[in-house]
Amino acid sequence: MKRKDTAWILMARYLAGEMDTKDEIAFVREMESDPTQKTRMQQMEQTWKYFHESHPGGTGDSLKAWDHLYSKLEHDGLLESRASLSGKKSIGPVLRIAASILVILALGVPAVYYGFIRQDGNRSGDTYFSEKGVRTVDLPDGSRVYLNQGSEISCSSDFHRERALELRGEAYFEVMSDPVNPFTVSSGRVVVSVIGTTFSVKESGSSEKVDVFVESGSVRMSLTESGEFITLEAGEMGRAYNSLLSRSAPDDPNYLSWKTKNFKFVDTELANVLRELEESYHVQIHADGLALDQLKITTTYREQSIDAILETIATAFGLTVSKMHEDYYLTP
């Protein structure tokens, strides 16, 4: 396969949301160093944006959307006229995406927008709420949100033009890069602005305190009232409290455990361990009659169920674990 063809396919995979976060970051860095590829990417992003406008109901099923467009172009005889696409019957899904985009660019974005996929985009914004556990929400631009239990996001009515949403509670964001159209999160007194990165936002205390933790990339955290802002890099945490902004390194290795289900405890009192598990798994753990402050543990857990974790804790301290309804009990 030619290098140029590979570049188109990578761009198609990027727009279709088929890359994981690591591959996406590597792709964006390479693109930024290649002006030609960056220009092509900007053209494709505009095409992608127009196409999503005609399919407002799509939430992450990008491949079906592109296949629909490919079928439309094929039906109208626009593919047969291009020899480079003569082998379309045998090409795979990603190649079909790339082929469709190549046709669109050959025709020109305005022709496609006004000819094939024009549709009124007036629709009310969408609201997503996590009633129990962690809910995953795929946004129209390919970004993904993990909503912690009891949290809610509301997207703008024209999200395809303005990537803006409001958050109440706690959420983790994996944002698709779009230098032309930044991604903003409003929460309490804070607005977080990014281009493409991974970060979490936690609103607590009736919007009086908002924490932002950046896992990769960088974000701008600003106060809505004063306009004051700070830029946070990967590994940094920002906090807005009493109209003041501050930054620090997170002191809790389990800050994102509610999303990752990965835990690290070093000589930690069992009382704190159980509290962390309750908050991450949204359960109640009863340990009446146990001197929890005298029991300490050093261990790690990776993506294990709450049942499995409590069984190992019970074994380590010679306890018995039982479950009644949705509550867990540790007894001597």
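Examine the stretch 176-183 for a residue that is in contact with a strand residue (DSSP E or B) (Cβ under 8 Å, 6 or more places away or on another chain) and in a strand (DSSP E or B), and state whether such a residue exists.
yes
Would you mind telling me which numbered condition in (1) touching an Asp or Glu at 6+ places or on another chain (Cβ under 6 Å); (2) outside the structural domain of R163 (by TED's automatic domain parsing); (3) of a type outside the set (S, T, N, Q) R239 fails?
(2)
Can you find even one residue in the stretch 261-283 that is outside the structural domain of T320 (by TED's automatic domain parsing), in a loop (DSSP other than H, G, I, E, B) and within 19 Å of Y146 (Cβ to Cβ)?
Looking only at the stretch 261-283, we keep the residues that are outside the structural domain of T320 (by TED's automatic domain parsing), and these are none.
No, that holds for no residue.
Keeping to the stretch 237-292, report how many residues are free of Cβ contacts under 8 Å to residues at least 60 places away in the same chain, out of contact with any helix residue (DSSP H, G or I) (no Cβ under 9 Å at 6 or more places or on another chain), among the hydrophobic types (A, V, I, L, M, F, W, C) and closer than 23 Å to V214 by Cα.
5
Can you find a residue in the stretch 288-295 that is charged (D, E, K, R), assigned to a loop (DSSP other than H, G, I, E, B) and under 17 Å from Y172 (Cβ atoms)?
Residues of the stretch 288-295 charged (D, E, K, R): 288, 293.
The next check asks that each one be assigned to a loop (DSSP other than H, G, I, E, B); those that pass are 288.
Applying the additional criterion that residues be under 17 Å from Y172 (Cβ atoms) yields none.
There is no residue in the stretch 288-295 that is charged (D, E, K, R), assigned to a loop (DSSP other than H, G, I, E, B) and under 17 Å from Y172 (Cβ atoms).
From the list E279, E303, E311, exactly one residue is more than 23 Å from the chain's Cα centre (by Cα) and of a type in the set (D, E). Which is it?
Details: E279 fails: more than 23 Å from the chain's Cα centre (by Cα); E303 fails: more than 23 Å from the chain's Cα centre (by Cα).
The unique qualifying residue is E311.
Check off (1) within 14 Å of Y328 (Cβ to Cβ); (2) surrounded by fewer than 13 Cβ atoms within 10 Å (Cβ to Cβ); (3) not hydroxyl-bearing (S, T, Y) for I306 and give me the number that stays unchecked.
Of the numbered conditions (1) within 14 Å of Y328 (Cβ to Cβ); (2) surrounded by fewer than 13 Cβ atoms within 10 Å (Cβ to Cβ); (3) not hydroxyl-bearing (S, T, Y), the odd one out for I306 is (2).
Among the residues of the stretch 287-305, are any in contact with a His (Cβ under 8 Å, 6 or more places away or on another chain) and not assigned by TED's automatic domain parsing to the domain that holds L147?
no
Among the candidates S246, S226, S222, which residue alone is assigned to a strand (DSSP E or B) and surrounded by fewer than 17 Cβ atoms within 10 Å (Cβ to Cβ)?
Working: S226 fails: assigned to a strand (DSSP E or B); S222 fails: surrounded by fewer than 17 Cβ atoms within 10 Å (Cβ to Cβ).
Result: S246 is the single residue among S246, S226, S222 that is assigned to a strand (DSSP E or B) and surrounded by fewer than 17 Cβ atoms within 10 Å (Cβ to Cβ).
Just to be sure I understand, how many residues within the stretch 152-181 are within 21 Å of S222 (Cβ to Cβ) and modelled with pLDDT of 90 or more?
As a first pass, look at the stretch 152-181 and keep what is within 21 Å of S222 (Cβ to Cβ): 153-156, 159, 162-173, 175, 177-181.
Applying the additional criterion that residues be modelled with pLDDT of 90 or more yields 153-155, 163-173, 175.
Residues that pass the stated criteria total 15.
The values are calculated or read from the model by the stated rules, or taken from the named source; none is laboratory data. Note that the coordinates shown come from a computational prediction; the quantities given were computed from them, not determined experimentally. Methodologically, a virtual Cβ is constructed for each residue, glycine included, from the backbone with ideal geometry; neighbour enumeration extends over all protein chains shown.
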